[in-house]
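Taking it in order: structure first as structure tokens, then the write-up.
The values are calculated or read from the model by the stated rules, or taken from the named source; none is laboratory data. Keep in mind it's a predicted model, so treat the numbers as computed, not measured. All Cβ positions, even for glycine, are placed from backbone atoms using ideal geometry, and neighbour counts span all protein chains on display. Surface areas here come from the heavy atoms of the whole protein model, side chains and all, with no ligands, DNA or RNA. Shrake-Rupley method; radii C 1.70, N 1.55, O 1.52, S 1.80 Å.
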Amino acid sequence: MQVNLTGRTALVTGSTQGIGAAITTALARSGATVAVNGRTSDSVTAAVKRLRAEVPDAEVVPVAADIATEEGAELAVELLPEVDVLVNNLGIFEPRPALEITDEEWRRYFEVNVLAAVRLTRAYLPGMTGRGWGRVQYIASDSAVVIPAEMIHYGMSKTALLAVSRGFAKEAAGTGVTVNAVIAGPTHTGGVEDLVYELVDRDLAWDEAQRVFMRKHRPQSLLQRLIEPEEIAHMVVYLSSPQASATTGGAVRVDGGYVDSILP
């Protein structure tokens with residue numbers, strides 16, 4: 001399947017590294033103009049440079065703004081008034097014993113992982129529906145369905161994204177705009193490498209550490225390895241495409257079979 005997004009503009013939040021960076025690269029290769037977002041100009045500049053090295057003819061728009069704040073979201077919309085594809089990828093995670101999660105941490109996880117995405121959807125969805133075409137996606141997680149004991153605040157925020165996604169899909173009903181959540185499974189990023197080494201022996205080589213982590217902490221995985229960010233990006237590109245015009249209101253899984261159910 002050849003996906004051609006030439007003429008479309010995509011904003012990927014939190015896209016200076018990890019899954020977000022992989023998504024911007026994949027969208028750029030499909031012809032989209034891609035907006036790279038991060039909190040600082042330095043991080044965005046470095047990410048844009050890496051993206052242009054991988055996709056030399058890429059059309060890239062730098063959006064340095066902390067979209068987890070109201071002011072940052074307003075700045076992002078000022079820098080990029082219209083988008084055709086909005087990928088709400090920004091997210092934070094950190095293991096914490098359940099009874100030690102403070103009120104401040106609960107609020108922070110909701111602000112960053114949920115409310116930031118809601119603000120941008122509120123800003124961009126009317127333009128999409130007015131033009132009769134658009135794609136909104138939320139990068140959720142298997143943790144939305146299988147709440148991790150070591151990160152229930154993170155799991156809560158990702159469960160909320162599933163509800164947000166379904167709700168905005170109803171708001172966009174019949175307009176030509178699709179809204180979906182992507183349930184990403186355990187994925188190989190720098191942050192996850194740190195998590196792995198917090199939970200297993202730091203003296204282990206990476207391949208062995210990964211196997212121990214999956215066996216002990218993610219035994220449900222049918223893939224039995226961490227997912228590569230590019231594998232998540234492939235699904236995002238498909239959902240951004242004209243070919244996915246009948247897929248909306250869904251929680252689409254790229255989880256390596258981690259969630260032990262047929263649905264979603």
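Rounded to the nearest 0.05, what FRET efficiency is calculated for Glu70 and Trp133 with R0 set to 25 Å and r the Cβ-Cβ distance?
E between Glu70 and Trp133, to the nearest 0.05, is 0.35.
Among rounded, prolate and oblate, which fits segment 116-203 when a ≥ b ≥ c are the square roots of the eigenvalues of its C-alpha gyration tensor, a/c under 1.5 means rounded, and a/b larger than b/c means prolate?
prolate
Put +1 on the Cβ of every Lys and Arg and -1 on every Asp and Glu Cβ in the chain; which of Ile147, Gln210, Ala58 then has its Cα farthest towards the positive end of the dipole?
Ala58
From the square roots a ≥ b ≥ c of the eigenvalues of the alpha-carbon gyration tensor of segment 222-264, which class results: rounded (a/c under 1.5), prolate (a/b over b/c), or oblate?
Oblate, since a/c reaches 1.5 and b/c is not below a/b.
If DNA, RNA and ligands are ignored and the probe is 1.4 Å, what is the ranking of Asp42, Asp255 by accessible area, most exposed first?
Putting Asp42, Asp255 in descending order of accessible area: Asp42, Asp255.
How would Thr175, Thr187, Thr40 rank on accessible area, largest to smallest, probe 1.4 Å?
From most accessible down to least: Thr40, Thr175, Thr187.
Taking the simple approach of a point 7 Å from Cα along Cα-to-Cβ for both Thr6 and Glu198, what is their distance in nm?
The two pseudo-label positions are separated by 4.5 nm.
Put a dot 7 Å past each Cα toward the Cβ at Lys49 and Arg225; how far apart are the dots in nm?
Going from the Arg225 label point to the Lys49 one covers 3.1 nm.
Skip the ligands, DNA and RNA, and give the accessible area per residue of the chain with a 1.4 Å probe, whole Å².
I get 47 Å² per residue for the chain.
Which of the lysines could a cross-linker bridge to Lys170, judged by Cα under 25 Å and excluding same-chain residues fewer than eight apart?
Answer for Lys170, where 25 Å is the Cα cut-off: Lys158, listed by chain and number.
Can you give me the angle between helix 116-131 and the longest principal axis of the chain, using Cα atoms only, in degrees from 0 to 90, rounded to the nearest 10?
30 degrees
As an exercise, use a Förster radius of 45 Å and the Cβ-Cβ distance of Glu105 and Glu171 to find the FRET efficiency, rounded to the nearest 0.05.
Here the calculated transfer efficiency is 0.90.
Relative contact order for the chain: what percent, with Cα pairs under 8 Å and sequence separation of 6 or more?
19 percent
Which order do you get for Phe110, Phe168 if you rank them by accessible area with a 1.4 Å probe, largest at the top?
Ranked from most to least accessible, the order is Phe110, Phe168.
Please build a GNM for the chain, connecting alpha carbons under 10 Å apart, and tell me which residue among Val48, Val63, Val196 fluctuates the most.
Fluctuation is largest for Val196.
With a bin width of 10 angstrom, please list the P(r) values of the chain as percents of all Cα-Cα pairs, from the 0 bin to the one holding the largest distance.
Bin by bin from 0 Å, the calculated values are 7, 31, 38, 20, 4, 0.
In terms of the Cα gyration tensor, with a ≥ b ≥ c the square roots of its eigenvalues, is segment 185-231 rounded because a/c is under 1.5, prolate because a/b exceeds b/c, or oblate?
oblate
Calculated FRET efficiency, Asp260 and Ala98, Cβ-Cβ r, R0 30 Å, to nearest 0.05?
That gives a FRET efficiency of 0.85.
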